[in-house]
Amino acid sequence: MTTDYKYSDNYLGISEHKVHLLRNKFEYQSIPFNQINEVKFKKGKAIKNWMIILTLGILLLSVGLFISKNIFLYYFSDEPGTIHIETIVASIFTVVFGVFLIIQSLKTEHILEIHYENKTKKFGVKSFDRESQLDNLISYLSENTKFKNEI
C-alpha cells in the first residue's frame, strides 16, 4: 500500500491526516494528527549524541597536539635520532579528525520536533528547505496540529 504524502523526505512523511515516520522512505509508524501533543520548529543540534562526539573530538585533538608537541621538541633539540613517518602521519590525522568531529558536533540546523504519547522524535528539515517546501510544511502543520515556532 502506498501513501500519497503531501510532504516527504527519507525520514518523515506528512499525509492528509497523519504524520508518517519513515526509514529510507518506507513507513514504520504513523501518528494521527489528533494523537500529536505538540510540534515544534526550532534550531537544534544536527546530530544525536553530540556531546559524545564533541568529547571524542576534544580527546583526539589533545592527543594529536601532544604528539605534535613531542615531534617539534625532538626536531629542535640537539640529540641525534629519528622521527618515524608514522608518528607524523598519526599526529596530523588525529588533529584533523579531532577538529572535524568538534565542528560536526557543534553544528546546528532547523529541526522539527514531534511530541506524542510521551515520546519525542526529531527530524532535520534541510531537504524540505532545499526543495522550497519548508514554508508550506510549516503552515500545513500549524493548521492541523498544536504548532510552536521557536525560531
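The values are calculated or read from the model by the stated rules, or taken from the named source; none is laboratory data. Predicted, not measured: the structure shown is a model, and the values here were computed from it. When we count neighbours, we look across all protein chains shown, and the Cβ atoms used for this are built from the backbone with ideal geometry, even at glycine.
Cβ-Cβ below 7 Å, separation at least six or inter-chain, first residue in region 17-40 and basic (Lys, Arg), second crowded, with 16+ Cβ neighbours inside 10 Å and part of a helix (DSSP H, G or I): which pairs?
18/33
Just a yes or no: is a residue in region 70-83 touching a Phe, Trp or Tyr at 6+ places or on another chain (Cβ under 8 Å), surrounded by 13 or more Cβ atoms within 10 Å (Cβ to Cβ) and of a type in the set (A, V, I, L, M, F, W, C)? Steps first, please.
Residues of region 70-83 that are touching a Phe, Trp or Tyr at 6+ places or on another chain (Cβ under 8 Å), as a first pass: 81, 83.
When the remaining residues are screened for being surrounded by 13 or more Cβ atoms within 10 Å (Cβ to Cβ), the result is none.
No; the residues of region 70-83 include none that is touching a Phe, Trp or Tyr at 6+ places or on another chain (Cβ under 8 Å), surrounded by 13 or more Cβ atoms within 10 Å (Cβ to Cβ) and of a type in the set (A, V, I, L, M, F, W, C).
Checking residue 60 against (1) farther than 18 Å from residue 122 by Cβ; (2) in contact with a His (Cβ under 9 Å, 6 or more places away or on another chain); (3) surrounded by 17 or more Cβ atoms within 10 Å (Cβ to Cβ), which test does it fail?
Result: residue 60 passes all but (2).
So, in region 85-128, how many residues would count as being hydroxyl-bearing (Ser, Thr, Tyr) and within 29 Å of residue 25 (Cα to Cα)? Please lay out each step first, then the result.
Here is the first cut: in region 85-128, the residues hydroxyl-bearing (Ser, Thr, Tyr) are 87, 91, 94, 105, 108, 116, 120, 127.
With the extra rule that they be within 29 Å of residue 25 (Cα to Cα), the set shrinks to 105, 108, 116, 120, 127.
The total comes to 5.
Does residue 113 meet the test of being within 30 Å of residue 19 (Cα to Cα), surrounded by 13 or more Cβ atoms within 10 Å (Cβ to Cβ), of a type in the set (Asp, Glu) and in the same structural domain as residue 42 (by TED's automatic domain parsing)? Before the answer, list the steps.
Numbers: within 30 Å of residue 19 (Cα to Cα): yes; surrounded by 13 or more Cβ atoms within 10 Å (Cβ to Cβ): yes; of a type in the set (Asp, Glu): yes; in the same structural domain as residue 42 (by TED's automatic domain parsing): yes.
Taking the combined requirement at face value, the residue satisfies it.
Scanning region 94-135 for residues that are under 18 Å from the mean Cα position of the chain (by Cα) and assigned to a loop (DSSP other than H, G, I, E, B), which turns out farthest from residue 40 (Cα to Cα)?
For region 94-135, the residue satisfying everything is 107.
Grab the strands (runs of 3 or more DSSP E) fully contained in region 1-69, keeping just those with 3 or more residues being within 23 Å of residue 104 (Cβ to Cβ).
Working: elements: 12-14, 18-23, 26-32, 36-45.
Filter on region 1-69 gives 36-45.
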